[in-house]
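Okay, so here's the structure we're looking at.
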Amino acid sequence: MRVTDLLLEEFLSYGVQKEPHKVSKPLLRRMEDGRVLTWSTEEDDYLCTLQEVFEHVSPHLGFNIELKFDDNIIYPSVNLNRALQAVLQVVFQYAGNRPLFFSTFQPDAARITRELQSVYPVLFLTEGGTAKHDDTRRNSLDNAIHVCQEYDLHGVVSEVRGVLKNPSAILKAQESNLAILTYGQLNNVREAVYVQYLMGVNGVIVDLVEEISNAVADFSKPDLGQSTFSNSVDIGRKHESFSQQQLGFLLRLIPELIQQPH
């Protein structure tokens, strides 16, 4: 059974319970190799709704709301519309002045979200050619940029290796006034973020927020007029001057970074 097939009450019955007297259902985790393991973490909390997150998280903290859909399902537009309307209803009622943007790997969901509202940016997520899908719109960074141009989206969030393998796409995005952000394990490596800074990437989504923020502070000054999103780092536009030796080292580093396991 998919999460989206559950009623809200069923969904909230899994894992740690908000009310201690309630009996919880166990959470399980399916690994890439097919094994099913018990969900185990050092710290855990009860599942919550988007409304609760808006109500309890500092309004100064921005949100990247990823709109998730099953890769193996072809969704009729009416189904996408219904799901997105439900999300937007909560956002418009509870977001207030919080900065946020929407992102999704589902190109039609991105299009519909853009059509339904013009208040918040919509970014298209892509693996940047590191994986193949039946929907060709998802199969390259260039295709992702074309999706943004066609659907009037605000930018692309690419798996970092897709950008490192296709740096010319950054210029193409800039010429269309599109933001370029990246995600992936390599963004927890300072040198990988450094290379992207030189290439003109607008921001990186990271797990190690504090570590990477501190690491890039010496080559980027944040825009104090912008609120930082919860797990993204603004790597700015103010480039330093680098020696030929430094630049050569960074450019030689790119193939090594791309080959690292993700």
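Can you tell me the FRET efficiency between His146 and His21 if r is taken as the Cβ-Cβ distance and R0 is 51 Å, rounded to the nearest 0.05? Can you show the working numbers first?
On the way: r = 54 Å, r/R0 = 1.06.
Once the sixth-power term is evaluated, E becomes 0.40.
Please list, by residue number, every one of the GluC sites (Glu not before Pro) in region 1-109 that is coil in DSSP and has at most 16 other beta-carbon atoms within 10 Å.
Glu32, Glu42, Glu43
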Exercise for the section: Mind putting together the pair-distance distribution for region 1-95? All Cα pairs, 10 Å bins, whole percent per bin, short to long. Expected result: 11, 35, 38, 15, 0
Problem - Additional length obtainable on full extension of the chain from Thr38 to Ala86, 0.36 nm per residue less Cα span - result: 14.2 nm
Completion exercise
Projected area averaged over all directions for the convex hull of the alpha carbon atoms of region 127-200, nm², comes out at 4.6
Problem - Stretch gain in nm, segment Asn166-Asp134, where the contour uses 0.36 nm per residue and the Cα spacing is subtracted - result: 9.4 nm
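Once the convex hull of the C-alpha atoms of region 1-47 is built, how many Å³ does it hold per residue, rounded to a whole number?
Values: hull volume 4.3 nm³, N = 47.
Cα convex hull per residue, to the nearest whole number: 91 Å³.
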Handout entry: Label-point separation, Val53 to Leu208 (7 Å along Cα→Cβ), nm
Key = 2.5
Handout entry: Between region 142-160 and region 47-94, the alpha-carbon center distance in angstrom
Key = 20
Handout entry: Whole-percent pair-distance distribution, where bins are 10 Å wide, for the alpha carbons of region 66-112
Key = 23, 55, 20, 3
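Computed from the coordinates by the stated procedures, all read-outs in this text should not be read as laboratory data. Please read all numbers here as calculations on a predicted model, not as lab measurements. Because the Cβ atoms are built from the backbone with ideal geometry, glycine has one as well, and the counts that use them run over all protein chains shown.
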